[in-house]
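S.K.: Have a look at the structure that comes next, please.
The values are calculated or read from the model by the stated rules, or taken from the named source; none is laboratory data. Since the model is a prediction, treat every value here as computed from it, not as a measurement. Positions of Cβ are generated from backbone atoms using ideal geometry, with glycine treated the same way; all protein chains shown enter the neighbour counts. Heads up: the accessible areas ignore ligands, DNA and RNA and are worked out on the full protein's heavy atoms, side chains in. Shrake-Rupley method; radii C 1.70, N 1.55, O 1.52, S 1.80 Å.
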Amino acid sequence: AYNCVISAYAKEGDLDSALRWYGEAMKDGDVTTNEYTLGALLQACRGVGNSFLAEDLLRSWLRRDDFELSTIVLNSFLSVCARASDTKRAEHWFKTSRGKVDYDSTTYTNMIEVYANAGNPTSAIELHLKAQDEGIIFDGHADALVIRSIATAGDLEEANKWLLRLDSAKRLNVEAVNAVMDGYMRAGQLENAQSAFALLRKHDLQPTTTTYNCLMHRAAQDGDVETVEHCLKQMSSKRLPPDSFTWTLRIAAYANAGQYEQAQTCFKQMVKNGFSPSKATCSAMMKAFAVKHKVAAAEEFLADIENPSKPPHVEPNEAMYNILMNIYAAERDLPAAEGVLYRFKTLGLAPDLASFGAILKASSRVGDLHRALHWAKRAESTELELDLLAYNSLLAACAKVGDLNLAFSIVERVKASGIQEEVVLYSNLINTCATAADPDLAVQKFNEMRAKGISPNSYTMNAMMKVFAAAGLPQQAELWLSTIARMGVKPEVENINRVMQSWANRGDSHRVDLWFQRMAVLDLAPDAITFNQAIMGASKLYDPELADSLFGRMQEAGITPTIATFRSLLKTFANAGLVEEVSDHVGLMQRQKLPNDVVCIRAILLACSHQDPPNKKVAIAAFMRNQSILQRDRVARSLLLKILGNEEYTRFMMHLSLATSEGTQTPTPDADAGFAPSSKKAPAAKGGTSPAHEDLSGFRVSPLPLLGHSKTRNSPQRSSFRLAATPSALPGEAPTKTGTTEQAAMAMNLASEDPSLLGIEWKAQNLGHDDDRAATSSSSSSSFSLSSQRGPPSGSPSATATSFSSRGALGRSG
C-alpha cells in the first residue's frame, strides 16, 4: 500500500510527497520496505532529474543487511542519471556494478541515453557496438537514441547514414525517423526532413505526435503559423492527440509571429483541455508579450502562474524573468528592469549572464553609462565572464554619451579576452564617434574594420549616416551610402532617413524630395520618420504649402502622424501666421488622441504673433482655453507678452491671478524650448523664398532656379538651395582644416538636377585619415577615472587586459 502511494506521487513528479510517505513507511513498525519501494523513490527522482538524491538513497539502501543491488534497481538509477544528463555518476555505477549484477538491454539502453542527453555521440556509438558484440539485442529505442545523439551534435549526414542502415536491416522505427527529422528541421533543411518523413510512408509506419512536433519545431521558431496549423489539421485527421509540447509549439509560433492575443487564447485552451504548462510553455508566452512590449500583461501572467492557489501553477525560472527585463529594456525603463533583477533573490533564482545582459541593454538604451558599468562589475563579481553581447551593450551606452576613451578601453578588453571582433562592435564604435562629432575617426575605424575582413551591414551604414548627419555633411552621408551599398548592403528606410535628416537640417527641401523619389527606386516604403524629416525641411524653408502637401501624402500612405510630425507642421504654419490652419491641425491631433503637447498647443500663439497686426483676440482665447497647459510655460507667456504688449499683458495676467515675472521687456525664449518667435519676417505663403546668403551650418548658400516638386495636392513650384563650393567659417571661428574628408564632401557635384546618388564612383579606402591629431579627452562622464588617450596608436602593441575598478569604470590592470 505504501509503495502504491509513493509510486502515484512519483508519476505526478511530486518528489516531496513521495519522500514524506517513505518516511511514514519507515516509522510504521508493521511495514518492511523492499526494492519496489526504492524503485518508486528512484522514479520520483527521475521525474525531477535529481541524480544526487537518487545516489544518496541507493547508498543508504546498500548499507541494509536485507538488500542487494539488482538489475532492476541499477536500471532505475541509470534512468535518473539519463534524465539529469549526469555522465559522471552513471559511468561510476555502470563500471563498479559489472560482475555484481547481470546487464540486460535496458541497462545498456539507459547508459546510451545518458550519453545521448549529455551530447556525447562518440561514447553512445561505442557502447552500442560493444553491447552488440556481447550479444545484446536492442529494440528500436536504443538505435533511435544513438541517432538522436548524432543529430543533436550536428552531424546530420552521419545520422542519416545510421537511419539508412536501419532501413536496410529492416529495423526502421518511427522514433529513429523522428530523431533525424528533428535534426533536419532545426537546421532548416526542410527537403531532407521531408525525405526522412517519406520513409515512414514507404514502410507503412504511422507517424506519431512526436513526428508532427518535429515538423512544427522550426516553423514555430520562424513564426510560421500557417505551417503549424496545417500540421495540426493533419494530426486531427489521423486522430493523433496533441501533447503538452504540441501546445507549446503552437504558442511559440503565435509568439514569434507577434500575435500575442492568439498566444494567450491558445494558452487558455491548453489549460482548459487538461494539459499542464511547462516552463518552456510559459517562456513562450513571455516571448509573446515581449514581441509587443506588453509589460503589464507579462507581469500579470507571471503573478498568475506564481500563485500556488490558482492553477496552473508553474515555478518561474530565470529565463522568464530575463524576458521580462528585456521588455522593460525595450521600453527604456531601467529602474523597472533593475527591480526585476532585485526580485531574483526573493524568488531563490540566480542571475545568469542573460540576466545581466538584459540590464546592460536597458542601461544602454537610456544612455546611463554609470549604471551599465555598475552592473558589468556586479556580473564579474559573480564569476560570470562577459560575452560579446554584454560588451556591445556597454559600447552602445558609450555611444549614447560619446565617451570615446571608455569605448576604446572596452574594445581593447574584448581583444584581450580572445573574443572575435565582429561588425556590431565596430558599428557601436562608429556610433560613439558620431556622438563625439568625430567623422575622421569614424572613417578610420570603418577602414580598420574592412582591413580585418569584416563586412559592414545595415547597422554600420546607419552609423556612418549618423556620423555625417551629426557633422552637418549631407554630401558625405550620400557618398558613404553609395559606397557601402556597393559592398552588398541594401539600404534600409532608417539609412535614408538619416540622409534626409541632414538635408532637412540644411533646409534643402529639393534634396529631401529627391531622396523621397530614390526610396521608390530602392523599393523602400517611407515611414513616419521619413515624412517628419521632409516636413522639417519645409519648416526650415518657411514653406507651409510644401509642408501641407507632405502631410497629405503621409495620410494618403496610411501612416499615422506622430507628435514630431505635428510639431514640424505647426511650426511651419505658425511662422507664416496661418492661425486657422494651426487651430485645425491642433484639433486633428486631439481627435487622434495624441497626448497634449505644450509645443504644439502654443503654436497658435506663435501664429498670432506673426500676423500683422498680432491677433490679440485669438491669442487670448487660445491661452484661456489651454490655461492649465500654458500658464506655467515660459515660452507661451513670452509669446503672449509680445502679442499684447506690456500694459495689456500685465492686466490680463492680473485678471487670471498669475504672477508676472517676465518684466517690462519682451524676453527672448530659448531657441531649443520649442516654437520661438522668429527674428525674421515670415515669407509670403506662395512663391516665397528664403533670404539669399543665409548662413547654414557654416556654408554660404545661394538660391537656385525654381525646381519642380511632387504635384500632390496641387503643390506649387518650390525654391531650393545648393551648397557653395567653399566652406566658410562661422564668426569667431578659425577656418576649417581642409583634409581628405572635406575634399570628399566637395567632390560631390550638386549642380545637377538629379544626380545618380547610388552610382558615385568612390572607394572607401580613399576616405581614410591618418590620425595625426593630438589625442584629446572627450569624455562626457567625468566621474569615471579614464585615460586621456583616445585610443592605441596605429601599430602599437595591444593594451593589457582591463578590469572593472571599484569606481565602476574600466581601468587598466597590469
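S.K.: Trypsin sites (Lys or Arg not before Pro), restricted to segment 398-472: which are DSSP loop and have at most 12 other Cβ atoms within 10 Å? Don't jump to the answer; show the numbers that get you there.
M.R.: Working: sites: 400, 413, 415, 445, 450, 452, 466; in loops: 452.
Answer by residue number: 452.
S.K.: Could you give the length gained on full extension between residue 191 and residue 88, defined as 0.36 nm per residue of separation minus the Cα-Cα distance, in nm? Intermediate results must be reported in sequence, preceding the final value.
M.R.: Numbers: separation 103, 0.36 × 103 = 37.08 nm, distance 3.85 nm.
Stretched fully, the residue 191-residue 88 segment lengthens by 33.2 nm.
S.K.: Using a 10 Å cut-off on Cβ atoms, rank the peptides 496-508, 318-330 from the highest mean neighbour count down.
M.R.: Values: 496-508: 24.9, 318-330: 22.5.
Taking the mean over residues of other Cβ atoms within 10 Å, the ranking is 496-508, 318-330.
S.K.: Probe radius 1.4 Å, ligands and nucleic acids left out: which of 260, 9, 184 has the largest accessible area, and how do the rest follow?
M.R.: Values: 260 40, 9 70, 184 15 Å².
Per-residue accessible area, sorted high to low, gives 9, 260, 184.
S.K.: Using a 1.4 angstrom probe on the protein heavy atoms only, line up 152, 109 by accessible area, largest first.
M.R.: Values: 152 95, 109 15 Å².
These residues rank, largest area first, as 152, 109.
S.K.: Oh, and also: May I have the convex hull volume per residue, in Å³, for the Cα set of segment 94-161? Intermediate values should be presented prior to the final figure.
M.R.: Numbers: hull volume 5.3 nm³, N = 68.
Spelled out: Cα convex hull of segment 94-161, divided by residues, is 78 Å³.
S.K.: Reachable lysines from residue 95, Cα under 20 Å, same-chain residues fewer than 8 places away excluded?
M.R.: Within the straight-line cut-off, residue 95 pairs with 130.
S.K.: Mind scanning 11/310; 161/490; 292/361; 11/88; 11/268; 294/400 and naming the pairs with a C-alpha gap bigger than 29 Å? Numbers along the way, then the final one.
M.R.: Working: 11/310 22 Å; 161/490 41 Å; 292/361 18 Å; 11/88 26 Å; 11/268 25 Å; 294/400 26 Å.
Over 29 Å apart, Cα to Cα: 161/490.
S.K.: Can you give the net charge of the other residues whose Cβ lies under 12 Å from the Cβ of residue 210, counting K and R as +1 and D and E as -1? Mind dumping the intermediate values first?
M.R.: Values: positive: 148; negative: 175, 182, 243.
Taking every other residue near residue 210 into account, the sum is -2.
S.K.: Leaving ligands, DNA and RNA out of it, report the carbon-plus-sulfur percent of the accessible area of segment 376-419 at a 1.4 Å probe. Intermediate results must be reported in sequence, preceding the final value.
M.R.: On the way: 780 of 1600 Å².
For segment 376-419, the apolar C and S fraction of the accessible surface comes to 49 percent.
S.K.: Would you mind checking the radius of gyration and Dmax of segment 232-359 based on alpha-carbon positions, in Å?
M.R.: 15.3, 52
S.K.: With a ≥ b ≥ c the root eigenvalues of the C-alpha gyration tensor of segment 427-487, is it rounded (a/c under 1.5), prolate (a/b larger than b/c) or oblate?
M.R.: Numbers: a/c = 1.83, a/b = 1.23, b/c = 1.49.
Oblate is the answer for segment 427-487, as a/c is 1.5 or above yet b/c matches or exceeds a/b.
S.K.: Looking at the square roots a ≥ b ≥ c of the eigenvalues of the Cα gyration tensor of segment 344-461, which shape do they give, rounded for a/c under 1.5, prolate if a/b is larger than b/c, or oblate? Kindly include the intermediate steps, with their values, before the conclusion.
M.R.: Details: a/c = 2.38, a/b = 1.78, b/c = 1.34.
Here segment 344-461 falls in the prolate category.
S.K.: How far is it, in nm, from the label point at residue 52 to the one at residue 352 when both lie 7 Å from their Cα along the line to the Cβ?
M.R.: It works out to 1.7 nm between the two label points.
S.K.: By the gyration tensor of its Cα atoms, with a ≥ b ≥ c the square roots of the eigenvalues, what is the shape of segment 1-60: rounded for a/c under 1.5, prolate for a/b over b/c, or oblate? Write out the running numbers ahead of the final one.
M.R.: Values: a/c = 1.97, a/b = 1.36, b/c = 1.45.
Oblate.
S.K.: Can you tell me how much longer the chain between residue 202 and residue 233 gets when fully stretched, taken as 0.36 nm per residue apart minus their C-alpha distance, in nm with one decimal?
M.R.: Working: separation 31, 0.36 × 31 = 11.16 nm, distance 2.20 nm.
Full-extension gain reported as 9.0 nm.
S.K.: A further question follows. Taking the full set of protein chains and a 1.4 angstrom probe, give the accessible area of residue 5 in square angstrom, rounded to the nearest 10.
M.R.: Approximately 50 Å² of residue 5 is accessible to the 1.4 Å probe.
S.K.: What list of ³J(HN,Hα) values in whole Hz, one per residue of segment 128-134 in order, does the Karplus curve 6.51 cos²θ - 1.76 cosθ + 1.60 (θ = phi - 60°) give from phi, with Gly and Pro shown as x?
M.R.: 3J(HN,Hα) across segment 128-134, in whole Hz: 4, 5, 5, 5, 5, 5, 7.
S.K.: For residue 105 and residue 161, FRET efficiency with R0 = 22 Å and r from the beta-carbon atoms, rounded to 0.05? Spell out each step's value before the answer.
M.R.: On the way: r = 23 Å, r/R0 = 1.05.
Given R0 = 22 Å and the Cβ-Cβ separation, E is 0.45.
S.K.: Now, a different point. At 1.4 Å probe radius, can you tell me the per residue accessible area of segment 92-220 in Å²? It would help to have the intermediate numbers written out before the result.
M.R.: Numbers: 6120 Å² over 129 residues.
Spelled out: the 1.4 Å probe surface of segment 92-220, per residue, equals 47 Å².
S.K.: Same structure again: When the Cα centres of segment 117-137 and segment 577-652 are compared, how far apart do they sit, in Å?
M.R.: Value for the Cα centre distance between the two parts: 83 Å.
S.K.: On to the next question. Okay, which of segment 259-281 sit inside 12 Å, backbone N to the point 7 Å along the Cα-Cβ direction of residue 292?
M.R.: Counting backbone N atoms under 12 Å from the label point, the list is 259-266.
S.K.: Mind grabbing the accessible area of residue 545 for me, 1.4 Å probe, Å², rounded to tens?
M.R.: The value for residue 545 is about 50 Å².
S.K.: Spin-label point model (7 Å from Cα, Cβ direction): what's the residue 647 to residue 621 distance in nm?
M.R.: Spacing of the two 7 Å Cα→Cβ label points: 2.6 nm.
S.K.: Still on this structure, please answer the following. Net charge near residue 112: determine it from the other residues with C-beta under 11 Å of the C-beta of residue 112, scoring Lys and Arg +1 and Asp and Glu -1.
M.R.: On the way: positive: 130, 148; negative: 113, 126, 143.
Once positives and negatives cancel, what remains is -1.
S.K.: Could you compute the net charge surrounding residue 312? Neighbours are other residues with a C-beta less than 12 Å from the C-beta of residue 312; K and R count +1, D and E count -1. Let's see the in-between values first.
M.R.: Values: positive: 268, 272, 279, 310; negative: 304, 306, 315.
After counting each charged neighbour, the total is +1.
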